[in-house]
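Comments concern the structure below.
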Amino acid sequence: MGQSLSCYNPGSKTSQRPLKNKHQLSAACNFAELLGPGRVDLNRASEEELMTLRGVGRTLARDIVAYRTQIGGFRKVEDLALVTGMGAARMAQMKSEVFVGEPESAPNLFSLDLLSSTRVDINRASLGQIQGLAGVTEEVAQGILFHQTTQGPFRRAAELGNIKGVDPALLARLLPQITVGRPRPASTYPDLWREGLGRPNAAASFHSLREVDMGLPPGWVVPVRPLSQPFSGVHNGRPVLRVASWNLREFSTEKAQNPGVREVICRTLLENGIQLLAVQEVLQEEALEKVCLELEKPSTAGVRKWPGDRGTWRYVLIDAPQGQETQEVERVAFLWDCSSGLELLQAVTVETQKEGVSGPHSQPLLGSFKMGDLEFSLINLHLRPDSPARTGQPAEASLDLLKLEPLKPFLQDLFEKALLTLGHLGLSPDASEFAVLREKQLEPLVSADCSTELTGRGGEGEGSLQNIWASHTAQDSYTGRWGVIRLGLSSPWIPDGWSWGGIVSTHCPVWVELYMK
């Protein structure tokens with residue numbers, strides 16, 4: 001019916017393909033002798049000297065010195081991004097004015113007393129460990145844990161002074177006993193396209209941090225997202241199936257190499273009880289395989305420590321065109337947990353392009369699944385580019401309406417069956433362009449006034465561009481519950497300009513829930 005498909009087989013070995021843009025994020029060199037006078041040595045400057053830099057006041061200068069003392073000295077200029085209050089704009093301002101020389105003390109740059117096992121990390125310690133600190137009562141220990149739960153991890157040890165029962169005398173007594181592990185940054189939803197991280201040839205790209213030097217000291221443990229309870233899989237006393245769609249935005253092997261990307265994807269699936277995921281913008285098959293392997297044999301702590309069953313995951317996606325097998329060719333795919341009883345019956349491509357004419361996006365993928373007595377079909381679509389800059393066309397003209405017309409025969413054949421048409425649809429569900437779907441009595445389940453996009457300013461983006469349309473038969477099984485996932489999409493391992501804490505994609509995953517017959 002169309003292009004051939006690839007499926008994940010855990011027993012097969014994935015061919016090793018060279019990765020593009022495989023370079024370090026920064027260099028750890030000392031150019032002190034070459035820089036000459038005029039630049040400030042981050043490892044020797046006093047607070048007053050640091051305050052001569054553009055954008056640095058007393059508070060930030062004090063934080064730089066405190067962080068330098070904590071880690072034993074900066075290894076490279078980019079380490080400044082890890083200082084509280086620094087930011088990408090200020091970092092860019094200062095970069096040309098500073099350099100990293102040898103630290104004044106500590107012959108071993110990364111021999112950190114603050115990270116030694118003799119100190120208790122208050123961001124990871126149990127109630128018993130906190131109570132074991134000299135001077136800490138059970139009430140104070142509970143207050144510390146309550147602060148972590150409601151306010152997030154501590155960023156500085158001095159913040160303990162905000163806890164009820166911790167007076168200045170007790171705080172002074174605690175400081176030599178504790179350390180503060182690096183907190184997980186809040187989800188800031190940066191615009192990866194604008195920052196240059198979304199382009200295939202971007203200089204600052206995604207890398208596995210096992211291969212790239214972040215400048216973190218040996219033994220430094222980056223905290224993982226807090227554990228949540230697994231979804232029960234039951235609603236109103238009846239078993240349910242959660243189906244989702246997620247545009248992972250240029251999901252390549254290189255992007256999947258980043259442990260933060262894998263952890264966010266896997267934890268998003270597990271935390272939200274998603275058993276079947278329609279994925280858009282898959283550039284390379286190996287990226288999906290890395291997600292499946294992370295779920296089965298996790299390498300990240302957040303996935304490894306998941307308290308529930310991680311399942312057994314498989315994928316199916318359209319093969320790349322002949323001669324482009326090793327290239328980044330955009331396709332759509334399905335990812336599902338077969339251990340839940342979910343079974344793929346059939347998967348075929350839907351031809352929507354004229355022979356010999358290749359468009360910027362993948363052909364739709366039709367998948368038929370069965371779980372218990374529930375049989376249903378999904379059509380995975382990606383209808384337009386994320387940005388007009390990639391096509392040179394206005395946003396209104398970038399929607400490939402020709403992809404909807406060829407769906408009519410399939411919609412007709414599946415008229416009396418449970419059918420979900422889902423994916424990155426490019427326009428609000430109330431747009432007139434979706435008349436083809438409405439003619440076949442499909443209705444959108446995600447509200448048109450609910451944004452499914454993220455901005456670079458930390459808020460909601462514009463438009464409900466991701467959606468899931470259901471046939472009238474599928475609506476008979478619909479529980480009435482749907483969601484747009486916004487939280488937990490960032491990771492301290494994902495680059496965000498000069499800093500860390502970026503997001504996996506500027507598009508939110510959306511899900512709906514079906515009763516199993």
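The values are calculated or read from the model by the stated rules, or taken from the named source; none is laboratory data. What you are looking at is a predicted structure, and each value in this text was computed from that prediction instead of being measured. In this analysis, Cβ positions are derived from the backbone assuming ideal geometry, glycine residues included, and neighbour counts consider all displayed protein chains. Side chains included, ligands, DNA and RNA excluded: accessible areas come from the protein's heavy atoms. Shrake-Rupley method; radii C 1.70, N 1.55, O 1.52, S 1.80 Å.
For ALA81, state whether it is under 17 Å from ASP496 (Cβ atoms), outside any loop (DSSP other than H, G, I, E, B) and open to solvent by 50 Å² or more (accessible area, probe 1.4 Å). Break it down stepwise before answering.
Working: under 17 Å from ASP496 (Cβ atoms): yes; outside any loop (DSSP other than H, G, I, E, B): yes; open to solvent by 50 Å² or more (accessible area, probe 1.4 Å): no.
Spelling it out, it is not the case that ALA81 is under 17 Å from ASP496 (Cβ atoms), outside any loop (DSSP other than H, G, I, E, B) and open to solvent by 50 Å² or more (accessible area, probe 1.4 Å).
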Q: Keeping to the range 300-318, report how many residues are touching a Leu at 6+ places or on another chain (Cβ under 6 Å) and charged (D, E, K, R).
A: 1
Q: Take the range 457-477 and flag every residue that is outside any helix (DSSP H, G or I) and either modelled with pLDDT of 90 or more or on the phi > 0 side of the Ramachandran plot (or both).
A: GLY458, GLY463, LEU465, GLN466, ASN467, ILE468, TRP469, ALA470, SER471
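Suppose we filter the range 136-171 for residues that are part of a loop (DSSP other than H, G, I, E, B), open to solvent by 40 Å² or more (accessible area, probe 1.4 Å) and modelled with pLDDT of 85 or more; how many remain?
First, pick out the residues of the range 136-171 that are part of a loop (DSSP other than H, G, I, E, B): 136-137, 152-156, 163-167.
Remaining after also requiring open to solvent by 40 Å² or more (accessible area, probe 1.4 Å): 137, 153, 155-156, 164-165, 167.
Checking the rest, the ones that are also modelled with pLDDT of 85 or more come to 137, 164-165, 167.
Summing the residues that are part of a loop (DSSP other than H, G, I, E, B), open to solvent by 40 Å² or more (accessible area, probe 1.4 Å) and modelled with pLDDT of 85 or more in the range 136-171 gives 4.
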Q.
Among the residues that make up the range 301-318, is at least one of them in a helix (DSSP H, G or I) and in contact (Cβ under 8 Å) with a residue 60 or more places away in the chain?
A. yes
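Conditions (1) among the acidic types (Asp, Glu); (2) open to solvent by 40 Å² or more (accessible area, probe 1.4 Å); (3) within 23 Å of the chain's Cα centre (by Cα), marked per residue:
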| position | (1), (2), (3) |
| --- | --- |
| GLU285 | yes, yes, yes |
| VAL291 | no, no, yes |
| LYS297 | no, yes, yes |
| ASP309 | yes, yes, yes |
| GLN322 | no, yes, no |
| ALA333 | no, no, yes |
| GLN346 | no, yes, no |
| VAL350 | no, no, no |
Q) Which of (1) within 22 Å of VAL510 (Cβ to Cβ); (2) open to solvent by 40 Å² or more (accessible area, probe 1.4 Å) does LEU342 not meet, given it meets every other one? A) (2)
Q) If TYR189 satisfies every condition in (1) surrounded by 22 or more Cβ atoms within 10 Å (Cβ to Cβ); (2) of a type outside the set (Lys, Arg); (3) modelled with pLDDT of 50 or more; (4) not in a strand (DSSP E or B) but one, which is the exception? A) (3)
